[in-house]
Amino acid sequence: MNTQEKKTDTTTIPRYIALVGNPNCGKTTLFNALTGMKQRVGNYSGVTVEKKEGTFSLGSTEITLLDLPGTYSLISRSPDEKIAADILLGHHGDQGKTELAEKPQAVICVVDASNLERNLFLASQIIDLHIPVIVALTMVDSAEQMGIKVDAQKLSQLLGVPVVKINAPRKTGLDKLLFAIPQLSTSKQTERKWKMPERVEDATTEIQQLLKQAYQYEFPKAFFETLRLLSSDDLHTNGNGSLDNNIRTKLETHFQTFDKLGIDRRAVAIESRYSWIQSVCSQVLHVETVSQSLSDKLDKIFTHKIWGFAVFLTLMGFMFHAIFTWANYPMELIASGINFLGESISAIIPRGDFQDLIVNGALAGVGAVVMFLPQILLLFLFLGLLEDTGYMARAAFIMDKLMSKFGLHGKSFIPLLSSFACAIPGIMATRTIENRKNRIATILVAPLMSCSARLPVYTLMIATFIPNIIVGIFSLPALIMFAMYIIGIVAALSVATFFKKTFLKSAPSIFLMELPPYRKPSMKTVAIYMWERAVHFLSRAGTIILGVSIILWFLATYPKMENATPSQRLENSFAGRAGKFIEPIIKPLGFNWKIGVGLIGSLLQREVFVSTMGTMYNIEDSQSGKSSTLIEKLQNDVDTTTGKKIFTPLVALCLMIYYVLSMQCMSTIAVTKRETNGWKWPAVQFGYMTVLAYVVTFFVYRVGISLGF
Amino acid sequence: MREVSLSTLAIGEGGKVSQLNGADSSLRQRLMEMGIIRGTKISIERFAPLGDPIEINVRGYRLSLRKKEAEHILVHCEDK
């Protein structure tokens, strides 16, 4: 009997628990405190929202914790926020076929004590689901600093669910939270505590019954669907298709009655819920007014007309500088590490195709992938800190007016700025943009920002063909370099405006953004955040980059030609032939087939153009300081049929403009594919950038020619 | 008591929400879920350095919204 009891005891412990809460409520900190490094990040099928799960053990039971995206409500209409509701209500994904995730057996609802009223709105919806719930009360000490004391016991009594005060960073209260889990399944369902006016309640009961009959909805789903219909403008559809005619007629009759009684059907459920919450809060909160909070004092400076910008620009400048320069040291280290590894392997494996494949194909590909890590880690260190301290919301607050002129959100600014260093981390940083269309628009234009990989191309072209004259107080090379950055920015903002007015047009996008109080960042949260991003990049984008670099190596190596100079070999290879093949297409831009080979070779990374050109012009080692010979050779290269020089300053300028605007970076394509969860957007990105680059370069070349350059 | 749009108020001014006027349904729903319903006390905390968006104080937390969104929130404002 005793063993029997024990057995049933362990089987009733919920093994799959969802973690739910508002954004900024301390949910991630709790998730990290409970699961530590035992986390897995994936995607929900068919949507781009990240699915984060972790495990922890309770006695001998292993429990899986699903960290649902932060949301303010379960009746939200935005697709990105629907995830939480869909999973908790057992809806199916947008495609209708695949289930997003298993339905959790219990919920830990995180509630911010310093912002109780609004946090209880979601909590009370969760309680309505009749899933076993524990409320984890966070930010208790920041609430106390604000002069707010919460009576957890009274709150538990009024909500009808266990309430546990926790402090995730200090790990206090976690044991009580864990202790409450096994008792969850035995807690009984209570009647809904908040009530709407009687007529509305009656109508709700009736519609719920009809939905159950018509669609076999279970209780919580029928209730939430009724609430949604109650406030909906569209009575023709429900979650799965068209709405039953009988139900629609019933609803319309009820709505007429509500109108006569002066009941605002769209507001009634929310107002009733909030008025119950207010009565709860008045019983559990003890508020003393305290002097201005530290957060307010900081905001006086951080969002000040002058100081706000000064702080913002300093922070951004520092961040940009760090990504741009600090990352160089580890990147050089990685490069020499890869070189050393290549040499060591060459010493072990005999010369031949296999050695070439390993050293110049696979290892070079690995190098290309790992090379991004320092920038990604640095950027996410800063982003993690900005996010965790609460400054990120202020950055969006400050920049929104400017960005909204181009149809974007204040949150688009940092990803675009980061893209000046490299579009890869920039695109990965767009995750903070909640609105999907704004996020896609930002991802699409991010690669137009002149990244650091374009610099070697600009530098080579400028050093070779742009005379060092002084114009006003600036040198011409500096002006040309600056112009390249400006061209990129203007292009990015115009394209974003165009996209947001056409196929990414959204109903006036909602800005509404919470400005959470400033908090001390948790190094653990930031470290896990950096780790997650890095692993994600390596596992998802890394494999594509590696694959493509081996293909590019193959194209530049085969078919083989014995006893030939490197330039002859490259000319004879598939890449060389492709360069000649595309010559008629790029001729109108002033490019010859050698440049064509450079363009193809640099699909891996833009800076590869310089070394490809080096090989084309028989420079043994173009990377290590001998580029002056390459400059001379480029300057003296003559078209054998016309006798004219191939590279003129105009051609150099055109080549630079082409590099500003074109998508010469398959790593970016890989990351766009990964972040948008499909090939559609990377295809759009590659397509529009190539067309844009071609058209603009063509135009510049023609105008240049007609002006006699 | 006068009924004015939230977007016309200055820093420190505020009142009780009287109605959400003319907002499209998703904005309306979102505003209400964030706690801005009839009778809720709100006040202007500050403006962004470029004048837009606005930061408001509602139910003890800070929310920022664009002026265009604030236009739809009408408040009963005490005359000073």
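Just so it is clear, none of the values below were taken in a lab; they were calculated from the coordinates. None of these values were measured; they are calculated from a predicted model. Because the Cβ atoms are built from the backbone with ideal geometry, glycine has one as well, and the counts that use them run over all protein chains shown.
Annotations
- Scattering from segment A:457-604 was approximated by placing one identical point on each alpha carbon and applying the Debye formula without solvent; log10 I(q)/I(0) at 0.09, 0.12, 0.18 1/Å stands at -0.63, -0.99, -1.16.
- Computed over segment A:388-492, Kirkwood Rh from alpha-carbon pairs, angstrom: 15.1 Å
- In straight-distance terms, cross-link reach from B:Lys68 covers every one of the lysines whose alpha-carbon lies under 24 Å from its own, apart from those fewer than eight places away in the same chain; here that gives A:Lys300, A:Lys305, A:Lys401, A:Lys405, A:Lys411, A:Lys437, A:Lys500, A:Lys501, A:Lys505, B:Lys16, B:Lys41.
- Top positive-direction residue, dipole computed over segment B:2-77 with Cβ charges, set B:Val4, B:Gly39, B:Leu27: B:Gly39
- Comparing A:Phe413, A:Pro516, A:Gly384 along the charge dipole axis of the protein assembly as shown, the residue lying farthest to the positive side is A:Phe413, per the Cβ-charge model.
- Segment A:203-352 shape via C-alpha gyration tensor axes, a/c threshold 1.5: oblate
- With respect to chain A, whose longest principal axis is taken over its alpha-carbon atoms, helix A:649-661 is tilted by about 20°.
- Looking at segment A:539-586, the trypsin sites (Lys or Arg not before Pro) that sit in a DSSP loop and have at most 14 other Cβ atoms within 10 Å of their own Cβ are A:Lys560.
- Only DSSP H runs of four or more residues enter the estimate; each adds -39500 (n - 2.57), and after division by the residues of chain A the mean residue ellipticity at 222 nm equals -17500 deg cm²/dmol.
- Size of charge dipole - segment A:198-262 - debye, nearest 20, with Cβ of Lys, Arg +1 and Asp, Glu -1, no other charges: 100 debye
- Under the convention that each Lys and Arg Cβ holds +1 and each Asp and Glu Cβ holds -1, the size of the dipole of the protein assembly as shown around its Cα centre is about 520 debye.
- Cα-only radius of gyration and Dmax that characterise segment A:198-262, units Å: 11.1, 33
- Sites listed here are trypsin sites (Lys or Arg not before Pro) in segment A:398-427 whose DSSP assignment is loop and whose Cβ has at most 11 other Cβ atoms within 10 Å: A:Lys405.
- Compared with the dominant Cα axis of chain A, that is its longest principal axis, helix A:391-404 is turned about 70°.
- Of all segments of chain A bounded by GluC sites (Glu not before Pro) found in a DSSP loop with no more than 16 other C-beta atoms within 10 Å, the longest spans A:289-561.
- Prolate/oblate/rounded call for chain B, Cα gyration tensor, a/c under 1.5 rounded: rounded
- Counting only the Cα atoms, segment A:264-326 fills a convex hull of 215 Å³ per residue.
- Unit charges at the beta carbon, dipole of chain A: most positive-side option, A:Ala693, A:Thr204, A:Thr257: A:Ala693
- Convex hull volume per residue, computed on the Cα atoms of segment A:550-709, equals 126 Å³.
- Qualifying trypsin sites (Lys or Arg not before Pro) in segment A:134-234, DSSP loop, other Cβ atoms within 10 Å at most 12: A:Arg170, A:Lys171, A:Lys188
- Pairwise Cα distances in the protein assembly as shown exceed 50 Å in 27 percent of cases.
- Scaled against 2.2 N^0.38 Å for its residue count N, the alpha carbon radius of gyration of segment A:178-227 is 1.48.
- Cα long-axis angle, helix A:455-465 against chain A (0 to 90 degrees, to the nearest 10): 30 degrees
- Here segment B:31-70 is assigned +1 on the Cβ of each Lys and Arg and -1 on the Cβ of each Asp and Glu. Its dipole about the Cα centre then comes out at about 100 debye.
- Those aspartates and glutamates that a straight Cα-Cα span of less than 14 Å connects to A:Lys51, excepting residues fewer than 8 apart in one chain: A:Asp67, A:Asp80, A:Glu81, A:Asp86, A:Glu99, A:Glu102, A:Glu532, A:Glu675
- Whole-number D in µm²/s for segment A:13-186 (Stokes-Einstein; Kirkwood sum over Cα pairs; 20 °C, 1.002 mPa s): 132 µm²/s
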